[in-house]
Amino acid sequence: MTKFKFSPIKQISIHQIFHTSENDLVNRFSHPENPYPLMWVDGILFVRIPFTETESLINREIKGHIHWKILEFAKFDIYQKTITRSDGLYTSPIINVSANDIFSSFAKWLKTQKVWENI
C-alpha cells in the first residue's frame, strides 16, 4: 500500500517586491500568453514569479524552502472572479487563494512590510 507524508513549506523567500497600481498590474499580466496567474488574498491582487527550476533549487524546495523571484502586487479590496485590461482587449480570471493558509499568512506578513506603508 502507498504511504503518504505531508511535508509543509517551512519558509518562503521573496527576492524582489514591487507595488504597482491595479491597472498596471492587470495590463502587464492579463494576456493569453501569460504563464503567471493573477491571484487575490485579503485585499491584495498579486502575481508571483518563481526562479527557473534548477536541481539545487528543487532540492531546497523539497526541504521546505520556496523561493519567489518576484512578487508584484496592488491593493485590491474586494475579490472579483475576473478583471479586464484597461484597453478592453482581454479579461483574465483571478484566483481567490484566501482559503490557503500559506497565502493568508503571506498577506498578513506583506501588510507589516515597509512597502505596504506607502499605499
To the nearest 20 Debye, how big is the dipole of the chain about its Cα centre, given +1 on the beta carbon of each Lys and Arg and -1 on that of each Asp and Glu?
480 debye
Give me the percent relative contact order of region 11-117, please, defined on Cα pairs under 8 angstrom at least 6 residues apart.
36 percent
Taking the number of other C-beta atoms within 10 Å as the exposure measure, put HIS19, HIS65 in order starting with the fewest.
HIS65, HIS19
Sort SER7, SER105, SER98 so the one with the fewest other Cβ atoms within 10 Å of its own Cβ comes first.
SER7, SER105, SER98
Charge-dipole axis of the chain as Lys and Arg at +1 and Asp and Glu at -1 on Cβ define it, positive-most pick from PRO37, TYR90, LEU25:
PRO37
If you rank ILE58, ILE12 by fewest surrounding Cβ atoms within 10 Å, what's the result?
ILE58, ILE12
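Just so you know, all these numbers are worked out from the coordinates, no wet-lab data involved. The structure presented is a predicted model; accordingly, all values stated were derived computationally and were not measured. Neighbour counts are summed over all protein chains in view; Cβ atoms, including those assigned to glycine, are modelled from backbone coordinates with ideal geometry.
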